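Structure first, commentary second.
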Amino acid sequence: MERVYNFSAGPAMLPLEVLEKAQKELVNYKDTGMSVMEMSHRTKAFIEIAEGAERGIRDLMEIPENYRVLFLQGGATMQFSMIPLNLLPEDGSADYAVTGQFSGKAYKAAQKLGTVREAVSTKAENFARIPAQGELALDGNAAYFHYCMNNTIFGTKWPYIPDTGAVPLVSDISSCILSEPFDISRFGLLYAGAQKNMGPAGLTVVILREDLAGHARAAVPELMDYAAQIKGESMLNTPPTYGVYLLGLVLDWIKEMGGLPAMRAYNIKKAKVLYDALDASSLYKAAADQASRSLMNVTFFTGDPELDDRFVKEAAAQGLLTLKGHRSVGGMRASVYNAMPMEGVEKLAVFMKEFEKKNG
Ligand code: PMP
């Protein structure tokens, strides 16, 4: 079978060039006589891989000197608890913006660990839009403000970075990391699971301002303590070595593509093909409000669940895979991360038009 265009929300497509490079190096990495998978994380070869990946992400995202980059495990979901355990004092309070399922989960996880406030929620509108700055009920004394920059399930993205004054901004960037440049210095902490724009599942990247580490509660396990992870250089235990290696290859690929400004231009172009197709159609409706549209996850529906099912099946038969929307939204979702080529998006747009002609 030929490779397909896989619109999965994650794990998702990786650049073919990256997979081919990994394939070439699979059984004998740079004359070490072994695979990266078989290599001790304490070897010179692996430490060079990890240092290269850190350097790569720092360069591409322009991460300032006073920020640490951690390579952890446990997915973005573990950060939902690790953040309050480290940043929320027992007598403090934190603000959460609930704009989708994962930010709701983050809020719930933090509720178990301390006092948190819902600064805004768009649940009543089925998370179809991102609230404006003026809608955020901010607590000026909050330990931090948490939001999810790109809502993978609903296909919305914050079109601005919230202004929270001196309150540190914390953001889940799992489904938009490395898709475009933004000002890291506006944030206290950023985190992302790898399985969308960075590589295979199993690796979680955390970027934090160093003054925010070192305040963990006494009972916090060492692996969940940012200061301990910084001190141990993300190697308190065996790191997800192959994921770190793959991340390095993905970062090299992005650099060759022209870095994050080029990535953004490409992602805007790709998303436009799909949103233009939706806006020109009388069969499909975009699920997200226009001003809140995501560049990474394009959600849409016909209004007829049976027709949606047929769309997904017929698209799959043409090599356009995993277009079924999340069960909480229904309809369709095309996840078009960095590695989705323009050809895949164009092929999907053509399929949409043909399907509409037959069924519209
Ligand atoms: N946050 C966002 C925005 C996500 O898209 C996901 C996964 N789809 C998660 C968190 C959960 O990530 P993980 O499975 O890595 O814990």
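Quick look at the numbers
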quantity	calculated
Candidates Lys21, Lys30, Lys44, filtered to the one that is within 30 Å of Met342 (Cα to Cα) and among the basic types (Lys, Arg)	Lys21
Val4 being surrounded by 18 or more Cβ atoms within 10 Å (Cβ to Cβ), modelled with pLDDT of 95 or more and more than 16 Å from the ligand (Cβ to nearest atom)	no
Hits in the stretch 313-331 (condition: buried (at least 18 other Cβ atoms within 10 Å of the Cβ) and either free of Cβ contacts under 8 Å to residues at least 24 places away in the same chain or under 19 Å from Asn267 (Cβ atoms) (or both))	Leu320, Thr322, Leu323, Lys324
Test for Gly155: is it away from the ligand (no atom under 14 Å from the Cβ) and of a type in the set (Gly, Ala, Ser)	no
Only listed residue being touching a Gly at 6+ places or on another chain (Cβ under 9 Å), in the same structural domain as Thr156 (by TED's automatic domain parsing) and surrounded by 17 or more Cβ atoms within 10 Å (Cβ to Cβ), chosen from Leu283, Leu251	Leu251
Count - residues of the stretch 216-229 that are surrounded by 16 or more Cβ atoms within 10 Å (Cβ to Cβ) and either assigned to a loop (DSSP other than H, G, I, E, B) or over 22 Å from the mean Cα position of the chain (by Cα) (or both)	5
Filter result for Phe102 (open to solvent by 40 Å² or more (accessible area, probe 1.4 Å), within 16 Å of the ligand (Cβ to nearest atom) and either without any contact (Cβ under 8 Å) to a residue 24 or more places away in the chain or assigned by TED's automatic domain parsing to the domain that holds Gln195 (or both))	yes
Residue match in the stretch 181-192 (condition: open to solvent by 20 Å² or more (accessible area, probe 1.4 Å), part of a loop (DSSP other than H, G, I, E, B), in the same structural domain as Glu135 (by TED's automatic domain parsing) and at positive phi)	no
Subset of the stretch 135-163 [open to solvent by less than 20 Å² (accessible area, probe 1.4 Å) and either in a loop (DSSP other than H, G, I, E, B) or touching a Cys at 6+ places or on another chain (Cβ under 8 Å) (or both)]	Leu136, Ala142, Tyr144, Met149, Asn150, Thr152, Ile153, Phe154, Gly155, Trp158, Pro162
Residues of the stretch 49-78 satisfying the condition of being of a type in the set (S, T, N, Q) and within 16 Å of the ligand (Cβ to nearest atom)	Gln73, Thr77
Candidates Ala97, Ala110, filtered to the one that is more than 22 Å from His326 (Cα to Cα), aliphatic (A, V, I, L, M) and either within 16 Å of the ligand (Cβ to nearest atom) or in contact with a Leu (Cβ under 8 Å, 6 or more places away or on another chain) (or both)	Ala110
Condition check for Ala291: in contact (Cβ under 8 Å) with a residue 12 or more places away in the chain, assigned to a strand (DSSP E or B) and under 28 Å from Ile177 (Cβ atoms)	no
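The values are calculated or read from the model by the stated rules, or taken from the named source; none is laboratory data. Being a predicted model, the structure only gives us computed values, none of them experimental. No Cβ is skipped: glycine too gets one built from the backbone with ideal geometry, and neighbour counts run over all protein chains shown. Keep in mind that these areas ignore ligands, DNA and RNA; they rest on the heavy atoms of the full protein, side chains included. Shrake-Rupley method; radii C 1.70, N 1.55, O 1.52, S 1.80 Å.
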